Amino acid sequence: MKSSLFSDNKVADLISKVRPSILLQTLNQWIHIISLSLWIGGIIFFLFVFSPAAQSLPPRPGMDVLNRGRHNFQTLSWIAISLMLITGTFNFVLRGVATGFALGPGYYLILGTKLFLFLAMILHHCFQAFKYAPRIASLSAPTEPHNSNWPEDLLSQWRGWLVLLKINAALGPIVLLLGIGLTKT
Ligand code: HEM
């Protein structure tokens, strides 16, 4: 016989007591954490796993694989960035409404620093996507007649793209820490 603690009525009673706002807040924080894991995890995977592996291939397939990986990574990043902006704003509004936005100078200082670093990360991503990526894509095109080695102009574009990725790999964990700091403030 089921113990009285987990009787259907009790469970139904418990669920009915969970305020929709808590479910919403939890779902929003969950999507916030999933999207930051996608972006920061994607940055670290690209830098330490994917790029070295692609660069160990012969030049022609290496260029194609790295270029295709870059394209998919950038698409994933834009999705994650959009989700973080939406869920982050919602995080702030939910917390603000719950406290009448009396969150104290410490909270606003941490949030301000976090948003400044997040915007810097987005700026780097924009340079990657709009300054370097078009050149990388055109220089990696199969029509380009280089099979025996990586051409210098393509390598210099990739260096620019990867330097920005490395800066974002350093900033991501700091923004993450500031996010945790917000929940403790
Ligand atoms: C790389 C980008 C970001 C990272 C790594 C990040 C990370 C985090 C983490 C780890 C938390 C704590 C989650 C929890 O324990 O519930 C958090 C909470 C939060 N984040 Fe972000 N976040 C990012 C972007 C943003 C953006 C763009 C905004 C605002 C538009 C934002 C606003 C918030 C707020 C308001 C909270 C909740 C704090 C509270 O409990 O009041 N975040 N973030």
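On the given criteria, is Trp78 within 27 Å of Tyr132 (Cβ to Cβ), open to solvent by less than 20 Å² (accessible area, probe 1.4 Å) and of a type in the set (Phe, Trp, Tyr)?
no
Just one of Ile110, Ile180 is aliphatic (A, V, I, L, M), within 20 Å of Leu27 (Cα to Cα) and open to solvent by 30 Å² or more (accessible area, probe 1.4 Å); which is it? It would help to see each step written out before you state the result.
Details: Ile110 fails: within 20 Å of Leu27 (Cα to Cα).
That would be Ile180, the only listed residue that is aliphatic (A, V, I, L, M), within 20 Å of Leu27 (Cα to Cα) and open to solvent by 30 Å² or more (accessible area, probe 1.4 Å).
Report the residue count in segment 156-185 for those that are away from the ligand (no atom under 14 Å from the Cβ), over 15 Å from the mean Cα position of the chain (by Cα) and not basic (Lys, Arg).
Of the residues in that region, 7 qualify.
Those residues that are modelled with pLDDT of 90 or more and over 19 Å from the mean Cα position of the chain (by Cα), I need them from segment 111-151; list them, please.
Within segment 111-151, the first condition is being modelled with pLDDT of 90 or more, and the residues that meet it are 111-138.
Across segment 111-151, the qualifying residues are Lys131, Tyr132, Pro134, Arg135, Ile136, Ala137, Ser138.
Test of understanding: among Thr75, Thr89, Thr113, which residue is without any contact (Cβ under 8 Å) to a residue 12 or more places away in the chain and within 15 Å of the ligand (Cβ to nearest atom)? Give the derivation first.
Details: Thr75 fails: within 15 Å of the ligand (Cβ to nearest atom); Thr113 fails: without any contact (Cβ under 8 Å) to a residue 12 or more places away in the chain.
Of Thr75, Thr89, Thr113, the one residue that is without any contact (Cβ under 8 Å) to a residue 12 or more places away in the chain and within 15 Å of the ligand (Cβ to nearest atom) is Thr89.
Here is a yes/no grid of residues against (1) out of contact with any helix residue (DSSP H, G or I) (no Cβ under 6 Å at 6 or more places or on another chain); (2) surrounded by fewer than 13 Cβ atoms within 10 Å (Cβ to Cβ):
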| residue | (1), (2) |
| --- | --- |
| Leu27 | yes, yes |
| Ile31 | no, no |
| Ser37 | yes, yes |
| Pro61 | yes, yes |
| Asp64 | yes, no |
| Gly96 | yes, no |
| Leu103 | yes, no |
| Leu115 | yes, no |
| Gln128 | no, no |
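The values are calculated or read from the model by the stated rules, or taken from the named source; none is laboratory data. In this text the structure is predicted, and so the values were computed from the model without any measurement. Don't worry about glycine lacking a Cβ; one is built from the backbone with ideal geometry, like all the others, and counts go over all protein chains shown. The accessibility values were calculated without ligands, DNA or RNA, using every heavy atom of the protein model including side chains. Shrake-Rupley method; radii C 1.70, N 1.55, O 1.52, S 1.80 Å.
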